[in-house]
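Following: one structure in C-alpha cells, then a few remarks.
Values in this text are rule-based calculations from the coordinates and carry no lab data. Keep in mind the model is a prediction, meaning the values are calculated, not measured. Here the Cβ is made from the backbone with ideal geometry for all residues, glycine too, and neighbour counts use every protein chain on show.
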Amino acid sequence: MIQKAKGTYDVFGDYGKRLLYIEELIEGLMEKYNYEYFRTPIFESSNLFHRGVGETTDIVTKETYDFKDRGNRDMTLRPEGTAGIVRSYIENKMYGNHTVPVKAWYYGPMFRYERPQSGRFREFYQFGVEVFGCDDAQADAEVISISVNLFKLLGLKGIKVNINTLGDSESRNLYRNALIDYFKPHIDELCEDCKERFLKNPLRILDCKVDKNNPIMKDAPKTVDYLNETSKNHFEKVKSYLTAMGIEYKIDTNLVRGLDYYTHTVFEVEASVEGFGSQNVLCGGGRYDNLVETLDGPKTSGVGFALGMERLMTALEYEKVELPIIQGIDCYIIPMSKNQKEYSLNLAMDLRLNGFITEIDYNNRNLKNNFKNADRLNTKFIIIIGEEEVATDIITLKDNNSKEEYKLKKEELIDFFDKSIIE
Ligand code: HAM
C-alpha cells in the first residue's frame, strides 16, 4: 500500500469542517481589515528563497525542497510566504500603481524538510499578512492585532504575545558586534550549530533550543541596549499602540526569530495550554525594512506575520474550543423505487439551489436502511417519493425529530423549509 509522505497529513471529516470554518473566519477578518488577497506560486526560482529568507538560515541550509525542472532551472517549493509576496509586489510594480500601503493576505501550503514531530510538518499551511510602504509603528501593531483578533474570534484564550526589537540596520550591526565580542571567549561551550551560527549569524545563538539553559545565555547582551534613538522611538510606539488597542504583551529580549530579514519589531504568539508541547508558537513575524530592496525592488518597508494552521488546530483541540460547525443535514430524499429517481433528483436540485443541505439515496436501499442512514446523518426532514407523489405533486415529509408528518404541494416546499429550517 502506498502511504503518504513523512511529515504530511490528510484532511477529512470533522477536522476538515473545522478547518473550513476557520478559513472562512480568516477571510471575513481580512475583509474587515481591508487586506487584499494574494496567491503566489507554490514553487519559485531557488534564488528568491536563498536571497529572501537568508543563506545562513536553517530553512535555506537544511530544509528547502529544491529540484531542477525539466529545463534545468533551479526551483524550490516555497518554505514560507513572505519572499513570494515581496517578489510579486516588486514584479507587479505595486509600489507604483497601488495606493500606499499595500496590505496583502495569503493562505496556503509551505514546505520544509524538517524532522517530523508534533507541531512540525513537512507540508504545513500558513495564513499570513504583509504590509508594504508604511514605516509607522501603527503597521507593526496592526498586524499583531490581526492574529490576536483571530484568536479572540475563535475563542482561544491561552495565548501570549511576545515582542522584541532588533532595531534598524545600524542598531542591529552594533548588537551583532556586541554578541560576537561576548560569545568569542565562550565558543567552546556552545553546541555545534551555534558554533556555525557564531560565524554566520550570531543573533540566532540566542534562540537556540539546545543552548537555551546554558548559563552564558543569561548575561548575553540585550538588543534594547544597542538601539539608536530612531529604533527606540519605533519600539516605544509599537508598545503604546498595542496598549491603546488593549493587547497585552510581554517583552522577550531573546526573541530574534529564525529568518534573516527582520529589522525593528519581531514578535511571536504562543499558546500557553497545559501539555501543548514545545512547538507552541502559533505565529511569528516582524518588520523587514530592507527585504524589498534585497530582492531588487525600491526601498520599501514591510511588516507581517504568518500563522501555522496545524498548531492553531491543536491549540483549539487542547483548549476544547467548540466551533459552530454544521452537523447534520436539512433534508433526506428517499425514492421508493428507481422509477422515482428523476423526480427525486429534480427536487434535490431545487432544495440545494435554495440553500438547503440535501441528501438523496444513492443505492436504492430499502426504507429501513434509508431511515437508519438519515439518522446517522442527523437529518431534520425526510421526504419519501413514491408513485403517488410523482402523480400528484403532493409531498409527504416527516420531521425526523418529532416524527410529525406534513403533506405539502411541491411548490410550497421551499417556503415551508424557509420557515422551519432558517430561524
Ligand atoms: P516562521 O516563524 O518560520 O515565519 O513561521 C510562522 C509560523 O508557521 C510558525 O510560528 C509556526 O506556527 C508555523 N510553522 C513553521 N514551520 C512549521 C512546520 N514545519 N510545521 C508546522 N508549522 C510550522 C515565517 O514563515 C515568516 N514568513 C513570517 C513572516 C511574515 N514574517 C514577516 N512576514
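Observations, loosely collected:
- Test for Tyr65: is it touching a residue at least 60 places away in the same chain (Cβ under 8 Å) and not basic (Lys, Arg): no
- The helices (runs of 4 or more DSSP H) found entirely in region 168-270 that carry 2 or more residues being under 21 Å from Arg287 (Cα atoms) and in contact with a strand residue (DSSP E or B) (Cβ under 8 Å, 6 or more places away or on another chain) are 169-183, 229-244.
- Taking region 88-120 as the range and being among the aromatic types (Phe, Trp, Tyr) and within 15 Å of Cys283 (Cα to Cα) as the test, the residues that pass are Trp105, Tyr106, Tyr107.
- Matching residues in region 123-157 - criterion: being within 15 Å of the chain's Cα centre (by Cα) and within 11 Å of the ligand (Cβ to nearest atom): Glu123, Phe124, Tyr125, Gln126, Phe127, Gly128, Val129, Glu130, Val143, Ser147
- Selected residue (criterion: farthest from Lys6 (Cα to Cα)) from residues of region 112-122 that are in contact with a Phe, Trp or Tyr (Cβ under 9 Å, 6 or more places away or on another chain) and within 8 Å of the ligand (Cβ to nearest atom): Gly119
- Residues that are free of Cβ contacts under 8 Å to residues at least 60 places away in the same chain and aromatic (Phe, Trp, Tyr) were ranked within region 1-47; the one that is farthest from Ile325 (Cα to Cα) is Phe43.
- Enumeration of residues in region 389-414 that are part of a helix (DSSP H, G or I) and surrounded by 13 or more Cβ atoms within 10 Å (Cβ to Cβ): Glu389, Val390, Lys410, Glu412, Leu413, Ile414
- Failed item, numbered, when Gly52 is tested on (1) within 11 Å of the ligand (Cβ to nearest atom); (2) without any contact (Cβ under 8 Å) to a residue 60 or more places away in the chain; (3) in a helix (DSSP H, G or I): (2)
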